[in-house]
1. Using alpha-carbon pairs under 8 Å, 6+ residues apart, how would you state the relative contact order of the stretch 263-343 in percent?
2. I'd like the GluC sites (Glu not before Pro) in the stretch 25-114 restricted to DSSP loop residues with at most 13 other Cβ atoms within 10 Å, sorted by number.
3. Please list, by residue number, every one of the GluC sites (Glu not before Pro) in the stretch 293-343 that is coil in DSSP and has at most 16 other beta-carbon atoms within 10 Å.
4. Using 1/(1 + (r/R0)^6) with R0 = 45 angstrom and r between the beta carbons of GLN297 and ARG253, what's the FRET efficiency to the nearest 0.05?
5. Counting other Cβ atoms within 10 Å of each Cβ, which trypsin sites (Lys or Arg not before Pro) in the stretch 54-115 have at most 13 and sit in a DSSP loop?
6. Any chance you could run the full-extension gain for THR6 through GLU123? It's 0.36 nm times the residue separation minus the Cα-Cα distance, nm to one decimal.
7. Separation of the stretch 73-92 and the stretch 125-164 by C-alpha centroid, Å?
8. At q = 0.13, 0.14, 0.19, 0.24 Å⁻¹, what is the log10 ratio I(q)/I(0) for the stretch 151-246, with the Debye formula run over Cα points and no solvent?
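The values are calculated or read from the model by the stated rules, or taken from the named source; none is laboratory data. In this text, all values refer to a predicted model and were calculated from it rather than measured experimentally. Please note: Cβ atoms are built from the backbone with ideal geometry, for glycine as well, and neighbour counts cover all protein chains shown. The area values use the complete protein model at the heavy-atom level, side chains included, leaving out ligands, DNA and RNA. Shrake-Rupley method; radii C 1.70, N 1.55, O 1.52, S 1.80 Å.
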Amino acid sequence: MSQWTTLLQTYQVTLSEQEDEIISVPEHDSQTRIVPLLHNRVISIIGPEAEKFLQGQLSCDMRDTSQLGSRLGAHCNIKGGMLALYRAIAVEGGFWLRTHQDILQGGLNNLKKYIMFSKAEAEDISDQVVGFGLMGPGAGTLVEKLFDKLPSETDRAIHAGKKVAVKVPGDRYELWLPACEAAEALEQLIRLAPLGTTQAWVLEEIKAGIPDLRSATLEAFIPQMTNLQALKGVSFNKGCYTGQEIVTRLQHRGKLTKPMYLAQIKTATLPQPGDQLYSADKDNVGQVVIAAHSGEQEVTLLAVINKSQADESSIHIESSQGPKLELLPLPYELDPELFTSKR
């Protein structure tokens, strides 16, 4: 993180003690923001069999990822539980897998268990590649400053040299580039928009219904429990991959009882991933996936919740008498057939 620390000192930002997020920036009138993605890291999978290897490991279709440029994808255990969640980005010679720093090392270790049988190499390149989140009404203008064009649809990636920009849901883009080019790129962008906070970026991810994993939630969810299929992060016709049998069986023969919900609560305390949820008369009816402050005394979060409890009872955090979740509409639709028994 030293390259970020040195770079950001110029712009009067306040970093958390762990240096994994920006928590304060000078005020600015612009609604567009540049957010250094300090909390994310990158694994590279490079080699002639990179696509073939990941096709047998991740839940997304890597052929589709190569063509479009990017997809979300989960790496699951044999029971379908998610060991890692990545944004896979096609680059020259293979792929970059963007993930949260909390789960990078475990994710890399799991990939290395299998890659020895493939003509590809897995490596943590977080000291070589850095990312910016560009968000707001002028985000597209920022991308055009560096690329002269825009990716046309969600998950579409474009390249300029070794830089890559990915369109993500909302007025947002992820920009990844070599660390040696970061200072020059930021100097160009900062003329058009100010820096923003990590919290603001995570909040937009939550509002878009995009899940993320932390150490506390590893192996806790199968992909459909985090709505990953609605984000095209699961392919049901790509063939075999680790955990595929369980994931496919749920889709075509099973019944999803715990989907992911978008919700708000009135509280000053930020819930943590893995925190238990309660109904009025039952414990452990769900878990927090990820949360962010969205206002004074207000938190917006994603949570996996037992559907029957969410439909029939109020849901609370901390205890059955704790703050009540207000369930909000998701920005995408879930297939109602998922909640119907096929037997």
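1. Details: 149 pairs, mean separation 26.0, N = 81.
Computed value for the stretch 263-343: 32 percent relative contact order.
2. Working: sites: GLU27, GLU49, GLU51, GLU92; in loops: GLU27, GLU49, GLU92.
Hits after loop and neighbour filter: GLU27, GLU92.
3. Values: sites: GLU296, GLU298, GLU312, GLU318, GLU326, GLU333, GLU337; in loops: GLU296, GLU318, GLU333.
Within the stretch 293-343, the qualifying GluC sites (Glu not before Pro) (loop, at most 16 other Cβ atoms within 10 Å) are GLU296, GLU318, GLU333.
4. On the way: r = 44 Å, r/R0 = 0.99.
FRET efficiency, GLN297 to ARG253: 0.50.
5. Working: sites: ARG63, ARG71, LYS79, ARG87, ARG98, LYS112, LYS113; in loops: LYS79.
Answer in residue order: LYS79.
6. Details: separation 117, 0.36 × 117 = 42.12 nm, distance 2.45 nm.
Computed gain between THR6 and GLU123 is 39.7 nm.
7. The stretch 73-92 and the stretch 125-164 have Cα centres separated by 22 Å.
8. Here the Debye-derived log intensity ratios amount to -0.66, -0.75, -1.14, -1.35.
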